[in-house]
Amino acid sequence: MCENSSFSIICKDCREFLKPAVKLRGNVVSFYPYEEISELIKYKYSKFGSRVFNLLSNYSFKPFGKYLSGKLDEKIYAIGIDDRVKRGYSHTAILVKNLKSKNIKPLFSVLHATNDVSYAGKTLSFRLENPRNFIYTGKKGIKAILVDDVLTTGTTLNEAEEVLKKNGVEVVYKIVLSDLKAKSL
């Protein structure tokens, strides 16, 4: 971020700026305002993205998963949105993996989009005209946490939640790394 040399993907000094602040918008939990980590989020399109997403989720998803697990009376599953491997890894699978804790169990490769159109930088009307058309192949009759990287308009999370409901999955939480509309304090 600062462009100084470092053996780590993000230097020690820059990591100080990556302390998450839990925010709630509607029923979605997020950790970073988009404006603060937008350049890091874009690494999901590169081969180094796995290292960036692992670092960000270690700061946010991992401690939140442990906290949330302590509040749960029963097992709950974490499901990533469209966690297919692209560019050698899946950024949503990394987020889901870091939620794993005593009462939170990751489910991988169970919720996939059949429409691969990119939503990056697109309008709400474009997103509504081009739904993801998700297919769910996982367990039914469970409670789940729905996981994605960025909340922009909410169409992806809402469409995914509808598909899960139709398949007997109760979405208890929606968790994202970053929220486009959240502001830093």
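Just so you know, all these numbers are worked out from the coordinates, no wet-lab data involved. Since the model is a prediction, treat every value here as computed from it, not as a measurement. Here Cβ is always computed from backbone atoms with ideal geometry, including for glycine, and neighbour counts include all displayed protein chains.
Overview of values
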| read-out | value |
| --- | --- |
| Packing-based ranking, highest mean first, of 146-156, 46-56 given that Cβ atoms within 10 Å are counted | 146-156, 46-56 |
| Percent of alpha-carbon pairs separated by more than 20 Å within region 56-185 | 43 |
| Protection proxy ranking, peptides 76-84, 96-104, 161-169, average beta carbon neighbours within 10 Å, highest first | 76-84, 96-104, 161-169 |
| Dimensionless Rg ratio for region 1-91, taking C-alpha atoms and the 2.2 N^0.38 Å reference | 1.20 |
